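Taking it in order: structure first as structure tokens, then the write-up.
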Amino acid sequence: MTTVSVMHVSKSFDQTVGLTAHTVLAVDDVTLTIASGSVLAILGPSGCGKSTLLRLIAGLLVPDRGEVLYDNVNIRDVPLMDRGIGMVFQDGALMPHWEARRTVGFFMWLRHREAEVPERVARISQITGIGLEKLLDRRPSQLSGGERQRVAVARALVRDPKIFLFDEPFSNLDAKLRGQARVELKRLLNEFPVTSVYVTHDQFEASALAHRIAVMRAGKVEQVGAYHHLYENPVNLFVATFIGTPTINLFAGHAGEHQWQGVNFGGYPIRSDIDEGASVTLGVRAEYCELADDGVEARVGQVTPLFSERAQLVEVEARGESWTMQLPLEAAVGVGDLVRCRLKPEGLLYFDPKTGRRIG
Ligand code: ADP
Ligand code: MG
């Protein structure tokens, strides 16, 4: 198995918009390690550099600076055919005129190992519970979107890859199919623990499939960690707001007498080295907001039940601020009601609004 190391890698592109040419720094000094057999998700908004980073990891793009190592060997020194990469793209990228059988077996045929293909296909079918064999005589035009992506995953896996790279492979599928495909892939990755990098803009997909998640913004990796770590311990406002549904509540405020003071809430102790009067943003996730008789009075604007979690999301408003609370389904609240809210002290996160950095 293979450990992948990305060391201070940068890549920029020249772009021409109208008559002006400019340079886009697509990947900006990224350093990451993907431990042998583990799955890393690269998560971030569209255009942040995820696909570029994946292509650098595959060696399909050459970095301007820095290097990519597979087990301490620079991939520059490994010929493309020997890198052992299985890639799955958003659109499957199947050969349009080939039956799936030929697509799936092509690499093994090149290697004179096509005899191994049927057994591997059978194994993949067995693990995923889909009848892959049934799909093998069809061309891409005779396959649904979901089936095409399954063939693309099988093609990548049949060749016994050392590294498995995915670029938003299920993003064109509808929600139900996406869920099924994710479960099948999870089973495959459990059964064949190949070092994998999974690019997605969907935090749910990232948390379901990956051991660790790298959150990217504008070419940079902002934070790497398990989902719950990013959720509970974001390093900055970007990660705090990107991770978690509903979005974390933010309250503007300032430091005064070593306490945080805001419009509605306040009086919470903060780090003693924060300057008196400094602006400080408070972040609180919905499940750390609760009803309390001595709490802040607010009016209910919207109620959304979350039946699977036996909870409801209650959006409230007071003095120009609004926030979302996650309350038990049993709590009797309706639109227009006045409720009293409290923030649980263990869920308070503080940020410097100028830099976005976490400060407590
Ligand atoms: P993502 O996959 O996160 O949506 P990309 O890696 O595709 O982001 O793109 C990152 C940035 O680099 C974008 O600004 C994009 O326009 C630019 N970019 C990517 N590939 C090229 C290219 N081949 N030529 C010019 N600009 C590119
Ligand atoms: Mg992309």
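In this simple spin-label model, placing a label point 7 Å from the Cα along the Cα-to-Cβ direction at both THR16 and SER272 gives a separation of 6.2 nm. Here the peptides 334-347, 311-324, 272-285 are ranked by packing, the mean other Cβ count within 10 Å, and the order with the highest first is 311-324, 272-285, 334-347.
The residue among GLN326, PHE265, ILE34 whose Cα reaches farthest toward the positive pole of the charge dipole of the chain, with charges on the beta-carbon of Lys, Arg, Asp and Glu, is ILE34.
With +1 assigned to the C-beta of every Lys and Arg and -1 to the C-beta of every Asp and Glu, and no other charges, what is the dipole magnitude of region 192-277 about the Cα centre in debye, to the nearest 20? About 300 debye. The local environment of VAL263, defined by Cβ-Cβ distances under 14 Å, has a net charge of -2 under the rule Lys, Arg +1 and Asp, Glu -1. Heavy-atom surface analysis with a 1.4 Å probe gives region 250-307 a carbon and sulfur content of 49 percent of its accessible area. Each label point was placed 7 Å from the Cα along the Cα-to-Cβ direction; for ILE127 and GLN261 their separation is 6.0 nm.
Going by accessible surface with a 1.4 Å probe and the largest first, VAL4, VAL62 read VAL62, VAL4. The slack in the chain from HIS229 to THR33, taken as 0.36 nm per residue of separation less the alpha-carbon distance, amounts to 68.8 nm. Secondary structure note: in the chain, about 80% of the DSSP beta bridges are antiparallel. Of the solvent-accessible surface of region 45-115, computed with a 1.4 Å probe and all protein chains present, 55% belongs to carbon and sulfur.
Of interest is the spacing of the C-alpha centroids, which for region 68-124 and region 245-289 amounts to 52 Å.
Once backbone amide H atoms are built at 1.01 Å from N, GLN90 has ASP167 as its partners under 5 Å, excluding neighbours fewer than 5 places away on the same chain. Only the Cβ atoms of Lys and Arg (+1) and of Asp and Glu (-1) were treated as charged; on that basis the dipole of the chain about its Cα centre amounts to roughly 1420 debye. Once backbone amide H atoms are built at 1.01 Å from N, ALA311 has LEU306, LEU329 as its partners under 5 Å, excluding neighbours fewer than 5 places away on the same chain. With the gyration tensor restricted to C-alpha atoms of the chain, the semi-axes of the equivalent ellipsoid amount to 45, 26, 17 Å, longest first. Our summary gives region 12-125 a relative contact order of 11 percent, counting only alpha carbon pairs under 8 angstrom and 6 or more residues apart.
For region 173-180, the Karplus equation 6.51 cos²θ - 1.76 cosθ + 1.60, evaluated at θ = phi - 60°, returns couplings of 8, 6, 4, 5, 4, 4, x, 4 Hz by residue, with Gly and Pro reported as x.
Taking every DSSP helix (H) stretch of at least 4 residues in the chain, weighting each as -39,500 (n - 2.57) and dividing the sum by the residue count yields a mean residue ellipticity at 222 nm of -7000 deg cm²/dmol.
Cross-linked pairs LYS50/LYS344; LYS50/LYS162; LYS50/LYS186; LYS186/LYS344: Cα-Cα separations exceed 30 Å for LYS50/LYS344; LYS186/LYS344.
Surface exposure of the chain, expressed per residue as accessible area with a 1.4 Å probe, stands at 49 Å². Take each peptide in 29-40, 10-21, count the other Cβ atoms within 10 Å of every residue, and average; sorted highest first, the result is 29-40, 10-21.
The values are calculated or read from the model by the stated rules, or taken from the named source; none is laboratory data. Values in this document were obtained by computation on a predicted structure and should not be read as measured data. Cβ coordinates were reconstructed from backbone atoms using ideal geometry, including for glycine residues, and neighbour counts include every protein chain displayed. The protein model used for the area step is the full one, side chains on, heavy atoms only, and it has no ligands, DNA or RNA in it. Shrake-Rupley method; radii C 1.70, N 1.55, O 1.52, S 1.80 Å.
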